[in-house]
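The values are calculated or read from the model by the stated rules, or taken from the named source; none is laboratory data. All figures in this text were calculated on a predicted structure; none of them were measured in a lab. So basically every Cβ, Gly included, is an ideal-geometry build from the backbone, and we count neighbours across all protein chains shown. Side chains are part of the model used for accessible areas, which takes the heavy atoms of the whole protein and leaves out ligands, DNA and RNA. Shrake-Rupley method; radii C 1.70, N 1.55, O 1.52, S 1.80 Å.
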Amino acid sequence: MVLELGRGCRDILQQTVVTEDSFVVQKLGGPVARVSSRLRFLNEFLPEDRDPVHAWPVIFFVFILALSALNLNGGHDGLAPAVKKVLVHPPSASRIQLPDGRHLAYREIGVPADKARFSLMAPHSFLSSRLAGIPGVKIPLLEEFGVRLVSYDLPGFGESDPHPSRNLNSSAFDMLHLADAVGVDDKFWVLGYSGGSIHAWAALRYVPHRIAGAAVVAPMINPYEPSMTKEEMRSIWGESLPRRKLMYYLARRLPKLLSFFYRRSFLSGKHGRIEKLMSVSLGRRDEILTEGATFEDFWHRDVEESVRQGNTKPFIEEAILQVSNWGFSLADLQVQRKCYRNGIFPWLKSLYSLAECELAGFLGPIHIWQGMDDQAVPQGMIDHISRVLPGATMHKLPNEGHFSFFFFCDECHRQIFSTLFGSPQGPLEQATNGGEILSEGDMEEQSLATDSTNK
């Protein structure tokens, strides 16, 4: 009976309201048609077998129901666990002034600069800060390998000043200026985790002469990268959660709308579950890790530092950076012979001589660690990296997730250091000559000179 009533109402509407002669169609038909033409590009995101006329009303109706459900759930806070509020902490970072006048906040742990065998620069991931570095790494382990770990806040995060128009090129040079300011005189290593990997890739591209090598854990790439194969693209978009797909789309097409979602999640003044704030799923080991008190305390403090300035702009910028044109592709990092052939004669000369050629790409080692149960990094991204960077060493980790290998795992941290730096040799020893500290190279040259004199 109710069904028949609904059909009758539908027929009445079709015959009276939506006819060409009706008052509603005459007054609203033109404006609706213009709006419809402007929003027609959204039809590209519908399945091919769906009629937009029927699909979009259903989507709108489901969206209204979802908002209603969220509001209803918000009215039963008394039945849910208490939500912790985001705290504001006193400033605690060391800061340097960059050439353009901005200040960059950083944190360093491990051995002092004059005793460091290896300096490791670590840009943080999305919704993180300089406090992350290598989560849970032990100071004795850093000392055992002679490592100085320098992590820093990206522009607008934590205690770092915002950048008026940042991109991946400016990100790489921020890292370089920081290394110079804190006394890293030689080459340094770069460590990128998750979303922080895009800044590691940028350093390899724009300042390769200062990079000794790279460690990348759970790497991210541009999901719209044009050089991806159809299989890689299908894997990335097929494995991503609907909310994550929406965030990608908004960051690429309508970035200003991201502010609405950020204000209702990690910038709401309340803490939330990591998988909800990051729009990711968790594997089994990640679930066990994130449910522990140690991880929760660390995560809450890191988020509080990340959102210290309360501004959506740096987060929107970071989201845009991932999905926009980087100015380079990962294939540019692959070592290859590049010859300069401006004309037929230089080309003929290059066939018999290497004088006109040089090696392009990043010449140092690149090590990548990827958990096979990582629900945040689609397999298509790893397949793409492996294909365009065959010279990189891929360490595939069975049963490990997005967080379980990198966070609070002493054995994992030791594995990373052993792979990058070899056997532990401890900090550098200080040898003085008239009060001057000699480097390893200086001590070796002095030793050879002494041997020559004795002979």
Exercise. Using the heavy atoms of the protein chains and a 1.4 angstrom probe, tell me the accessible area per residue for the range 260-328 in square angstrom.
Key: 46
Exercise. State, to one decimal in nm, how far the label point of E287 lies from the label point of M372, with both points 7 Å from Cα in the Cβ direction.
Key: 2.0
Exercise. Calculate, in nm to one decimal, what C357 and E144 gain on full extension: separation in residues at 0.36 nm each, minus their alpha carbon distance.
Key: 72.5 nm
Quiz item: Between K84 and N311, what is the FRET efficiency for a Förster distance of 25 Å, r being their Cβ-Cβ separation, to the nearest 0.05?
Solution: 0.70
Quiz prompt | DSSP-defined antiparallel bridges as percent of all bridges, the range 108-222, nearest 5 | solution = 20
Quiz item: How many percent of the accessible area of the range 87-151 is carbon or sulfur, using a 1.4 Å probe?
Solution: 54
Quiz item: How far apart, in nm, are the 7 Å Cα→Cβ label points at H395 and E429?
Solution: 2.9
Practice problem: Taking every pair of Cα atoms in the range 230-346, average 1/r, invert it to obtain the Kirkwood radius, and report Rg/Rh to two decimals. | Solution: 1.13
Quiz item: Counting only protein heavy atoms, what percent of the accessible surface of the range 228-348 is carbon or sulfur at a 1.4 Å probe?
Solution: 55
Quiz prompt | Full-extension gain in nm, K276 to K256, via 0.36 nm per residue minus C-alpha separation | solution = 5.2 nm
Quiz prompt | Additional length obtainable on full extension of the chain from R387 to L246, 0.36 nm per residue less Cα span | solution = 48.0 nm
